[in-house]
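Everything on this sheet refers to the single structure shown next.
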Amino acid sequence: MAKKETVAFSKNATNIFFHILTACNLKCRHCYINPEQHGREMLGIGTIEKWLAAFTGKFRTANVIFLGGEPTLHPDLPQAVKSARRLGYQSVTVDTNGYLFHDFLSKVTPSDLDYLSFSLDGAIPEVNDALRGQGSYEACLSGLQKAKSSGFSTSMIYTVSRANLDGLESMVPLLSDLKPDRFFIQVIGIRGKSVESMGQNLQVSPDDWLRVIPRVARKIADLGITVTYPKVFLERSETFECAGNVADNYFIFPNGRVYQCPLCEDFPLHSYQFAEDGLVGTPRINEADLFQLNIAEGCVINKLFQPGNIVYDDDGNPVYQIACCLLKEEIS
């Protein structure tokens, strides 16, 4: 029987989500990248290494995830990966759409990377490619299979929306064949291109999320794959806690902005900024001021930016608190 637990925020680990560029070969309907807020530049390797080194003293407990856009479009990604390993980061991951540009797999080894994580949003091309672009399904599966055959540990990311929620269960036989080490279910957020798609109502309701996600996650975990998905909705008896107050997460973008909460990324509310002197705090008011607020709905940033997630009863009380987006359930 698979074991389920809520993954609390760790006060003893640092997680660095490092967007080294915002360019991508795909145009996913739900992409959260916002070049107006995140920048359009491709960071030079010298800057990447300098920013990685800014977290000195935390390396033994720090995890770095290289992101884009599509990070393998960066010709110096292999060097960045090796630099992170040399600096002593606890784990190094690359998130990719599977095209693996610049012959990436031949320039790194399984000892350089803890995980290669592949994004796939449908068990069949008709579902995935409608969201991510023609040919992306085959490219993702081909890339994952090449990585596995080369000895890399792999994971897969599935971003749930109304367009593919009912197709999640169809991932079970596919995952049984592919056998990634981990499977991550993400919830679509109202950020980046998702804002443009709001007329299509891509967000999943609380009832639909709770009807599908825990049940299918357990089926996938029964295959021997560790499954992680956001908690999203808290019962009234559960206590809300904001990762911005208790955890150590940094979402870095090419223009130097550094956020602690991904829900804030469409706005100039970042807590930190990379400047000539390294990582520095930004003036008030920023996202950290919002982390201190306590409301009945749970996450105050969700209340501000995506209030449509919240359901109220006849007395005006929230039926569910919205959990911090970084609070996860894990089944293994």
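The values are calculated or read from the model by the stated rules, or taken from the named source; none is laboratory data. Everything quoted here is computed from the prediction, not taken from an experiment. Virtual Cβ from ideal backbone geometry, glycine too; neighbours counted across all protein chains shown.
Look at region 306-332: where a residue is closer than 18 Å to residue 293 by Cα and a partner is assigned to a loop (DSSP other than H, G, I, E, B) and hydroxyl-bearing (Ser, Thr, Tyr), sitting 6+ places away or on another chain with Cβ atoms under 9 Å, you get 310/320; 321/239. Restricting attention to region 23-53, the residues that are over 16 Å from the mean Cα position of the chain (by Cα) and hydroxyl-bearing (Ser, Thr, Tyr) add up to 1.
In region 132-145, which residues are surrounded by fewer than 17 Cβ atoms within 10 Å (Cβ to Cβ) and either assigned to a helix (DSSP H, G or I) or in contact with a strand residue (DSSP E or B) (Cβ under 8 Å, 6 or more places away or on another chain) (or both)?
Of region 132-145, the ones surrounded by fewer than 17 Cβ atoms within 10 Å (Cβ to Cβ) are 134-135, 138, 142, 145.
Scanning region 132-145 gives 138, 142, 145.
Counting the residues of region 146-167 that are over 18 Å from the mean Cα position of the chain (by Cα) and part of a helix (DSSP H, G or I) gives 6. Residue check: residue 192 meets all listed conditions (1) at pLDDT 95 or above; (2) surrounded by fewer than 22 Cβ atoms within 10 Å (Cβ to Cβ); (3) within 19 Å of the chain's Cα centre (by Cα); (4) not β-branched (Val, Ile, Thr) but one, namely (1).
Residues in region 75-133 that are over 17 Å from residue 181 (Cα atoms), among the aliphatic types (A, V, I, L, M) and out of contact with any Leu (no Cβ under 7 Å at 6 or more places or on another chain): 77, 80, 100, 105, 108, 124, 127, 130, 131.
Check 266, 289 and return the single one that is part of a helix (DSSP H, G or I), more than 20 Å from residue 321 (Cβ to Cβ) and either touching a Lys or Arg at 6+ places or on another chain (Cβ under 8 Å) or not small (Gly, Ala, Ser) (or both).
On the way: 266 fails: part of a helix (DSSP H, G or I).
None of the others qualify; the one that does is 289.
Taking residue 150 and the conditions (1) surrounded by 19 or more Cβ atoms within 10 Å (Cβ to Cβ); (2) out of contact with any Ser or Thr (no Cβ under 7 Å at 6 or more places or on another chain); (3) modelled with pLDDT of 95 or more, which numbered condition does it fall short on, given that it satisfies the others? (1) is the only condition that residue 150 fails.
Looking across 312, 320, one residue alone is exposed (fewer than 13 other Cβ atoms within 10 Å of the Cβ) and touching a strand residue (DSSP E or B) at 6+ places or on another chain (Cβ under 9 Å). It is 312. In region 168-181, which residues are buried (at least 18 other Cβ atoms within 10 Å of the Cβ) and of a type in the set (D, E, K, R)? Once the filter is applied, which keeps residues that are buried (at least 18 other Cβ atoms within 10 Å of the Cβ) and of a type in the set (D, E, K, R), region 168-181 yields nothing.
Look at (1) buried (at least 16 other Cβ atoms within 10 Å of the Cβ); (2) of a type in the set (A, V, I, L, M); (3) touching a helix residue (DSSP H, G or I) at 6+ places or on another chain (Cβ under 9 Å); (4) closer than 22 Å to residue 216 by Cβ and you find that residue 157 fails only one, number (3). Restricting to region 101-136, give me the number of residues that are under 12 Å from residue 147 (Cβ atoms) and either of a type outside the set (Gly, Ala, Ser) or touching a residue at least 24 places away in the same chain (Cβ under 8 Å) (or both). Within region 101-136, residues that are under 12 Å from residue 147 (Cβ atoms) and either of a type outside the set (Gly, Ala, Ser) or touching a residue at least 24 places away in the same chain (Cβ under 8 Å) (or both) number 10. The set of residues in region 28-84 being surrounded by 21 or more Cβ atoms within 10 Å (Cβ to Cβ), at pLDDT 95 or above and not hydrophobic (A, V, I, L, M, F, W, C) consists of 38, 68, 69, 70, 71, 72, 74, 78.
Whenever a residue of region 27-54 is touching a residue at least 12 places away in the same chain (Cβ under 8 Å) and charged (D, E, K, R), it has no partner that is assigned to a loop (DSSP other than H, G, I, E, B) and exposed (fewer than 15 other Cβ atoms within 10 Å of the Cβ) lying with C-beta atoms less than 7 angstrom away and at least six residues away or across chains.
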